[in-house]
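Have a look at this one before I ask anything.
Nothing in this text is a laboratory measurement; each read-out follows from the coordinates by a stated rule. All of these numbers come straight from a predicted model, not from anything done at the bench. In this analysis, Cβ positions are derived from the backbone assuming ideal geometry, glycine residues included, and neighbour counts consider all displayed protein chains.
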Amino acid sequence: MKYRKLGKTDLVLSEVGFGAWTVATDWWGHVEPEDGVKLLQRAVDLGVNVVDTADAYGDGFGEEIVAQALHTRRQQLVYATKFGYDLSVPQQPRVGHQERPQCWDAAFVRQACERSLRRLKTDYIDLYQLHNPKMDAIRSGELFQTLDDLVKEGKLRYYALALGPDIGWVEEGDAALTETGIAAMQIIYSILEQQPARHFFLLAAERGVGLLSRVPHASEVLTDKFRRAPPSFSATDHRSHRRQQWLQEAIQKVGKLAFLEEAYKHTPLSHLAIQFVLSEPVIASVFPNITSEADLEEYVGASEADALNPEHVAQLHELYDAGFGLTPAPSPAAAAG
């Protein structure tokens with residue numbers, strides 16, 4: 001496993017991290033809790049040192065399972081969790097990307113932080129992320145004063161922002177980078193879904209804000225899974241909210257990557273997808289969606305794969321900008337987390 005420094009912070013992250021939402025919810029297939037614990041422990045054995053979760057994952061279970069699996073190794077790990085959703089509001093059946101109400105006032109944030117600390121069985125959080133904030137949160141002086149206070153009190157090392165839930169949010173990302181003191185920002189970036197991430201790269205680098213990237217495989221289209229069998233998802237799975245047209249076009253786009261696979265004949269497509277994300281220096285860690293030991297072993301191995309030639313990265317940018325030679329069909333990404 002290789003490691004990278006996160007922006008201007010003193011956090012050094014494994015290039016491949018673990019997004020705990022896959023073992024805490026049924027949004028990407030079902031994982032039994034005992035299997036989720038084993039996956040988290042095995043990930044650390046393989047060199048993963050950053051775990052990304054949220055209080056909203058399983059109404060706190062996403063933090064509890066991290067503590068259950070890793071509390072004895074806490075000091076060697078980077079815990080990134082998220083806040084902002086009001087968990088006291090009963091969760092309705094999830095329809096598409098329908099969200100719970102959010103709250104950002106000082107009392108709520110402090111209470112959310114204390115509860116996350118208890119669930120994670122820790123006295124500090126390395127990276128505390130606003131979870132899918134809108135402009136009202138990003139422009140809230142009270143919110144960021146509260147976060148600054150929590151840093152001074154030693155409860156947080158750094159605070160950050162996770163953009164979502166759908167691909168987009170350019171205005172929010174720009175404002176967060178230029179108007180707040182965030183140390184990091186979590187984005188979506190993949191060969192098939194390059195914007196608005198590319199829009200943020202230069203500004204993030206200039207501001208010393210490190211980036212974290214999720215969904216590198218674009219609903220697993222950028223793996224060999226869909227080559228073996230047509231995709232089929234349960235009603236609770238995020239990918240079931242993709243329009244069938246999106247999936248069909250995504251598979252067509254993967255067909256345009258033959259030049260890449262030919263150039264790296266002995267490298268799996270899943271590794272190429274992660275190395276594409278890591279080709280951007282401002283990105284410190286990638287969170288692929290891991291639901292099995294086979295996924296874990298395969299994706300962690302991507303850190304040791306050969307880096308992509310810059311010419312191939314530029315070619316992939318050009319291919320995306322040209323719509324992969326297909327008639328573009330506007331569709332949001334299934335932005336996990």
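Order these by the 10 Å Cβ neighbour count, fewest first: Val44, Val89, Val12.
Val89, Val12, Val44
Structure shown: which of Lys2/Lys225; Lys38/Lys121; Lys8/Lys155; Lys225/Lys253 lie over 23 Å apart, alpha-carbon to alpha-carbon?
Long pairs (Cα-Cα over 23 Å): Lys2/Lys225.
Here's a follow-up. Based on the Cβ-Cβ distance of Glu34 and Arg198, what FRET efficiency does E = 1/(1 + (r/R0)^6) give at R0 = 41 Å, to the nearest 0.05?
Result of the calculation: an efficiency of 0.55.
Loop only by DSSP, 10 or fewer other Cβ within 10 Å of the Cβ. Give me the chymotrypsin sites (Phe, Trp or Tyr not before Pro) in region 254-291 that pass, ordered by residue number.
The qualifying sites: there are none.
Helix-derived [θ] at 222 nm for the chain: sum -39500 (n - 2.57) over DSSP H runs of at least 4, divide by residue count, nearest 500?
-11000 deg cm²/dmol
Here is a further query. Over the chain, what is the relative contact order in percent, taking alpha-carbon pairs closer than 8 angstrom and at least six residues apart?
About 22 percent, as a whole number.
I've got another one for you. What's the longest piece of the chain with no exposed trypsin sites (Lys or Arg not before Pro), counting a site as exposed if DSSP puts it in a loop and it has at most 15 other beta carbons within 10 Å?
9-120
Put +1 on the Cβ of each Lys and Arg and -1 on the Cβ of each Asp and Glu in the chain; which of Pro101, Thr72, Gln186 then has its Cα farthest toward the positive end of the dipole?
Value computed over the given set: Thr72.
Could you give the nm distance between label points at His71 and Asp59, where each point is 7 Å from its Cα heading toward the beta carbon?
2.1 nm
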